[in-house]
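Worksheet: one structure, shown below.
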Amino acid sequence: MSSGNKKANKTKKQSSKFLFWVIGLITVCLVGLIFLSNSAKKEAIDYVGQPFLGEKSAPVKIVEFGDYKCPYCKNFNDSLLPSIEKDFIDTGKASLYFMNYSFINVDSTRSAKFAETVFKELGNETFWKFHEQLYKKQPEDTKAEQMDVYTESFLKDTLSEIVSEAEVNKVVNAFKNDEAKGAWEKDMAAASKLSITSTPAIYINGVKFEGNTYNDFKKRVNEAEKEK
């Protein structure tokens with residue numbers, strides 16, 4: 001065989017080897033990209049100063065971004081929250097935090113700020129009682145979503161069902177002074193940062209929950225409990 005043919009064969013083998021490694025490298029990169037795209041993104045969420053159920057030391061932190069005018073949030077509160085409390089909050093596995101994403105109409109903002117004022121003035125326990133009352137009294141008529149229902153008078157009357165007149169007046173005065181504006185704005189800024197567009201939006205240890213059933217939810221909480 002001539003020296004020219006030998007050089008040509010050697011070059012061909014080197015080219016083939018180089019091509020093999022290039023293809024291998026591209027394959028590894030593609031697998032990595034697919035893995036990253038399928039991995040759930042963990043977000044940094046500030047839980048400080050937020051209403052919560054359970055123990056702060058619980059290994060799993062669940063966050064609901066909600067709107068008091070949202071019927072899906074009412075369904076979450078009425079149908080799923082009792083099970084979450086029984087299975088995870090009461091057992092010490094998880095704590096649940098509520099944050100506002102007020103987007104439906106002016107009622108959404110008014111009720112959110114009023115509830116934040118209740119939390120600020122009367123504490124966590126009273127907040128959750130008021131929170132439950134708001135969802136219980138949410139109008140069933142879907143057209144009411146765009147109506148001015150949660151007026152200041154309505155909110156005051158709802159609060160008076162669970163606390164004294166003196167406590168109602170304390171909250172109303174603070175509400176008129178917009179003392180919960182900062183807390184509400186903090187929630188809205190967090191929702192904007194997370195690109196939330198609908199409610200309820202649920203996060204479990206900073207990862208958005210994308211499941212469809214309560215079994216999916218339980219599985220994700222149990223997984224989060226084992227994560228470090």
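Every residue, every condition in (1) outside the structural domain of Leu155 (by TED's automatic domain parsing); (2) loosely packed, with under 10 Cβ neighbours inside 10 Å; (3) at pLDDT 50 or above; (4) in contact with a strand residue (DSSP E or B) (Cβ under 9 Å, 6 or more places away or on another chain), yes or no:
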position	(1), (2), (3), (4)
Ile26	yes, no, no, no
Val31	yes, no, no, no
Ile34	yes, no, no, no
Ala44	yes, yes, yes, no
Lys56	no, no, yes, yes
Ile62	no, no, yes, yes
Phe65	no, no, yes, yes
Tyr68	no, no, yes, yes
Pro71	no, no, yes, no
Self-check item: Selection from segment 203-217 of residues that are surrounded by 15 or more Cβ atoms within 10 Å (Cβ to Cβ) and out of contact with any Gly (no Cβ under 9 Å at 6 or more places or on another chain)
Solution: Tyr203, Ile204, Asn205, Gly206, Val207, Lys208, Phe209
Practice problem: Name the residue, out of Ala180, Ala224, that is in contact (Cβ under 8 Å) with a residue 60 or more places away in the chain, surrounded by 18 or more Cβ atoms within 10 Å (Cβ to Cβ) and more than 27 Å from Lys120 (Cα to Cα). | Solution: Ala224
Quiz item: Failed condition for Lys120, given (1) under 16 Å from the mean Cα position of the chain (by Cα); (2) surrounded by fewer than 19 Cβ atoms within 10 Å (Cβ to Cβ); (3) basic (Lys, Arg), with all others met?
Solution: (1)
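The values are calculated or read from the model by the stated rules, or taken from the named source; none is laboratory data. None of the values given here were measured: they were computed from a predicted structure. Quick reminder, even Gly has a Cβ in these numbers, built from the backbone with ideal geometry, and neighbours come from all protein chains shown.
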